[in-house]
Amino acid sequence: MNSILRFCVRGGNAQDPETRRRCGVLSGLAGIGLNLLLFLGKLLAGLATASIAVTADAFNNLSDAASSVVTLVGFRLASQEADEEHPFGHGRIEYLAGLAVSILILLVGLELAKSSLEKMLHPEQVDFRVLPAVILAVSIAVKLGMFWFNRGLSRAIQSAALAATAADSLSDAVATTTLLLGLLAGHLFSLPLDGWLGLAVALFILRAGWGAARDTIDPLLGRPMDRELAADIDRIVLGHNYILGIHDLVYHDYGPGRAMMSLHAEVPADGNFLELHDVIDHIERELKAKHHIETCIHMDPVVRDERTEGLRRQVAEIAKGIDPALTIHDFRVTAGPIHTNLLFDVVVPYSFALSDSQVRAALCEGIKGLSDRYVPIIQVDHSYVEEEKS
């Protein structure tokens with residue numbers, strides 16, 4: 001297994017389109033060959049035992065072979081270079097391939113559930129034989145091997161499509177194990193369990209299909225940036241001179257290894273413009289080299305004098321007093337003869353208990369407690385980074 005993974009990810013770049021294509025092709029070819037063999041073996045076993053559950057499990061393997069074809073084609077298409085019609089490449093085809101695999105899994109599960117319910121209404125005794133039982137046992141071993149293989153590939157290149165394939169293999173192994181044990185119990189105790197076993201297999205398949213569909217739909221709809229990736233981007237950007245803070249990080253996923261990102265970098269208002277611009281350019285190149293992200297950075301000049309810093313800390317404490325999850329950024333002060341404007345953005349989690357207007361009102365009330373001269377001008381933001389699950 002390790003030698004195969006090293007072959008697929010040789011060169012060390014798991015996000016390289018050619019590397020991903022190589023892994024997808026290997027997974028697809030293995031899936032087509034093994035699932036066709038399992039289909040033929042289980043079909044013979046199902047016909048020999050007159051078992052609807054075993055026959056249905058055979059056609060589940062046939063659908064898996066079709067899914068492997070989809071995976072194979074999807075990875076080959078996703079590896080295509082960018083062109084005039086698709087300037088960000090074709091990487092999202094990999095997500096579509098994973099979604100197609102999920103739909104096939106769900107369709108097989110629904111059809112199996114329907115057949116099983118009919119068998120439950122009209123039960124028949126299954127003819128248990130040794131050879132079909134051996135075929136099912138071999139199938140379990142093969143599916144567990146396919147699970148470990150595809151899970152290893154999916155982790156190596158962070159692929160939702162291969163993760164869906166791995167999940168399908170594991171659900172097949174569990175379902176076939178349940179089927180084999182149930183057939184043995186039905187034979188020993190003369191119980192008509194075939195329909196119930198078929199329904200159990202169908203539920204395993206439907207659960208796996210739903211989980212795989214969710215994992216592939218999320219990046220297509222636009223999920224938040226991974227927290228670990230966001231933390232590394234923070235470290236890279238803030239590690240450069242003149243960068244005082246970052247905010248409004250927005251990430252667009254166009255497929256593995258193909259992404260765009262924008263962020264605001266706070267820089268000293270009195271800094272040298274040419275030096276600051278050079279630093280920003282360097283950061284953009286570094287992010288592209290390490291994470292394959294095309295980055296556009298907007299410079300926010302901020303004043304960090306003693307008075308502004310003191311007010312910023314006070315307002316930040318007010319925000320934390322409302323809830324520790326609230327943070328502020330882009331803090332500015334404009335003084336006038338009658339009042340002083342405090343302009344800033346506050347980041348509010350999507351799951352926050354208070355509405356945006358209630359957050360503004362609470363902040364305004366707290367700031368008024370500092371001085372009646374202060375007029376808060378507040379922009380509410382929502383994070384584009386995955387929130388930590390409690």
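Can you report the principal axis dimensions of segment 232-301 using only the alpha carbons, biggest first, rounded to whole angstrom?
Taking the Cα atoms of segment 232-301, the three principal extents are 40, 20, 18 Å.
Between helix 273-291 and the chain, what is the angle of the helix's C-alpha long axis to the longest principal axis, kept within 0 to 90° and rounded to the nearest 10?
In the chain, helix 273-291 runs at an angle near 10 degrees to the longest axis.
To the nearest 10 degrees, how steep is helix 92-121 against the longest Cα principal axis of the chain, on a 0 to 90 scale?
The angle comes out at about 40 degrees.
If you scale each eigenvalue of the Cα gyration tensor by 5 and take the root, what three semi-axes come out for the chain, rounded to whole angstrom and sorted largest first?
The equivalent ellipsoid of the chain has semi-axes of 56, 26, 14 Å.
Helix 52-78 versus the longest principal axis of the chain: what is the Cα-based angle in degrees, 0 to 90, to the nearest 10?
40 degrees
Can you pull out the trypsin sites (Lys or Arg not before Pro) in segment 206-304 that DSSP calls coil and that have at most 15 other Cβ atoms within 10 Å?
Answer in residue order: Arg304.
For each of Ile105, Ile377, Ile367, count neighbouring Cβ atoms within 10 Å of the residue's Cβ, then give the residues from fewest to most.
Ile377, Ile367, Ile105
Please report the antiparallel percentage of the DSSP beta bridges confined to the chain, to the nearest 5.
Taking every DSSP beta bridge with both residues in the chain, the antiparallel ones total about 40 percent.
Please give the FRET efficiency for Leu244 paired with Thr178, using the beta carbon to beta carbon distance and R0 = 56 Å, rounded to the nearest 0.05.
After rounding, the FRET efficiency stands at 0.45.
I'd like the FRET efficiency for Leu77 and Leu36, computed as 1/(1 + (r/R0)^6) with the beta carbon distance as r and R0 of 30 Å, rounded to 0.05.
0.85
If I model a spin label at Glu294 and Ala231 as a point 7 Å from the Cα along the Cα→Cβ vector, what separation in nanometres do I get?
So the two model labels end up 3.0 nm from each other.
Extension gain Ser371-Trp148, at 0.36 nm per residue separation less the Cα-Cα distance, in nm? Display every interim value, and only then the final one.
Values: separation 223, 0.36 × 223 = 80.28 nm, distance 6.34 nm.
Extra length from Ser371 to Trp148 when fully extended: 73.9 nm.
Between Leu221 and His122, what FRET efficiency comes out of the Förster formula 1/(1 + (r/R0)^6) with R0 = 45 Å and r the beta carbon distance, rounded to 0.05?
Computed FRET efficiency for His122 and Leu221: 0.55.
Taking a cut-off of 21 Å between Cα atoms, list the lysines near Lys114, but don't count ones fewer than 8 places away on the same chain.
Lys42
Quick note: the coordinates plus some simple rules give every number you see, no bench work behind them. All figures in this text were calculated on a predicted structure; none of them were measured in a lab. Neighbour counts run over all protein chains shown; Cβ positions are idealised from the backbone, glycine included.
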